[in-house]
Amino acid sequence: MGTATSSMAAKFAFFPPNPPSYNIIVDGASGKMRISDVNQSDNVDVLKLSTKRGSEIVAMYVKNQSASLTVLYSHGNAADLGQMYHIFNELSVHLNVNLMGYDYSGYGQSSGKPSEQDTYADIEAAYKCLEETYGVKQEDTILYGQSVGSGPALELAIRLPNLRAVILHSPILSGLRVMYPVKRTFWFDIYKNIDKIPLVDSPVLVIHGTEDEVVDFSHGKQLWELCKEKYEPLWLKGGNHCNLELYPEYLKHLRKFISAIEKLPRPRNVSEQPKVQSDQPSNNADPNKEKSRPSTDHREKGRPSFGRREKSRLSASGREKARASTDKRDQKSRKSLDRNMKARNSTDHSERARNSFDRLGDMVRSVGLCNVDCLKQTAAEV
């Protein structure tokens, strides 16, 4: 019963584009990998990364020479890198950041099959690449999780005590809660974000549409209420699950958030470094027991937001202390992979930021992205 229920929950969550929207091609002269059917950019690296669970995933890294921060973007459910390629390039320009996006196992040209555990290994491999290949430090990294991508983003966030910030875009409380208004967390649920968000020490921005027909607006609102370090949220009136990028407020608010984060002092290194190479999520219960445990649905609300005024600064209190792990397997910390490696020098300059956001909106319209609409529909069909 338990295995069947867990398998069913996993099926609700993963619907990679079929067929994939792109292929990988190798330039005969340079030997560089490229994504097919897109206008190539010299400031984009395409990579294949091995995960600890045996998959080989595809990632892309957009270099911005003037950037001081790097965004690690976990995309939504019904998208792959071919669809996100131009959007990632535009976000890099408009937000003045480096940006790495990646396809989950079984998505695009990544090998393997998608599962909760594989997405955790996937984001871990992408983050490790940022550290080892591009010299990106934890304290200069922002995790961005869109819809289902909020799951791997928060799983990694609770393991990075010096993380700069987190952005949650139409996030889910948990997989089961998308389909049913349950008040307790069951062991067979997936992406238990509701239990992880209070453990995140870095500032968190939540973006959600008030008319989201797939992941109810209450998911984003409750996650924001449970944050330790709140930033002024963006509730887009009338926005649904697939069109938030079309609102002018979307990029404006992101730019405001990035600017506020850049003004914060960089978090100091702490003696305890994160462990990002675990085989199981931090809050998994005994898989042989079908017991439920209390949820944080009605947990005390977090501290008031400190980002409501244009000039207000994010609070950095408590950022010098490492967070104690809630699971014994996290007691042994991984040694930092930071070897002071320098980021690759690029001879290519990123495209200058434009005066309007119209082009990004056109891209979103053209690909027609919709990221987790399968969740409720599949539940209804079952």
Discussion item. Net charge within 12 Å of Arg255 by Cβ-Cβ distance, Lys/Arg positive one each and Asp/Glu negative one each, not counting Arg255 itself?
Written reply: 0
Worksheet item: Distance from the Cα centre of the stretch 128-206 to that of the stretch 13-29, in angstrom?
Response: 25 Å
Worksheet, complete the sentence: If amide H atoms are modeled at 1.01 Å from N in the peptide plane, then the residues at a separation of 5 or more from Gln65, or on another chain, having amide H under 5 Å from its own are Ser350
Worksheet entry | Backbone HN-Hα couplings from phi across the stretch 61-73 [Karplus 6.51/-1.76/1.60, Hz, Gly and Pro as x] | 10, 9, 8, 10, 4, 8, 7, 10, 10, 10, 9, 9, 9
Fill in: Residues with amide H under 5 Å from that of Thr185, placed H, sequence gap 5 or more
Arg293, Ser295
Response to the item:
Those trypsin sites (Lys or Arg not before Pro) from the stretch 154-195 that are DSSP loop and have at most 12 other Cβ neighbours within 10 Å turn out to be Lys183
Discussion item. Neighbour counts of other C-beta atoms within 10 Å: give me Tyr85, Tyr134 arranged from fewest to most.
Written reply: Tyr134, Tyr85
Worksheet item: Sorted by packing (mean other beta-carbon atoms within 10 Å per residue), highest first, where do 234-246, 19-31 land?
Response: 234-246, 19-31
Item to complete: In whole Hz, with x marking every Gly and Pro, tabulate ³J(HN,Hα) for the stretch 136-153 from phi via Karplus 6.51 cos²θ - 1.76 cosθ + 1.60, θ = phi - 60°.
Response: 7, 8, 3, 6, 10, 10, 10, 8, 10, x, 9, 6, 4, x, 5, x, x, 4
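Computed from the coordinates by the stated procedures, all read-outs in this text should not be read as laboratory data. Only a predicted model underlies this, so the values are computations on that prediction, with no experimental measurement involved. Note: ideal-geometry Cβ built from the backbone for every residue, glycine included; neighbour counts use all protein chains shown.
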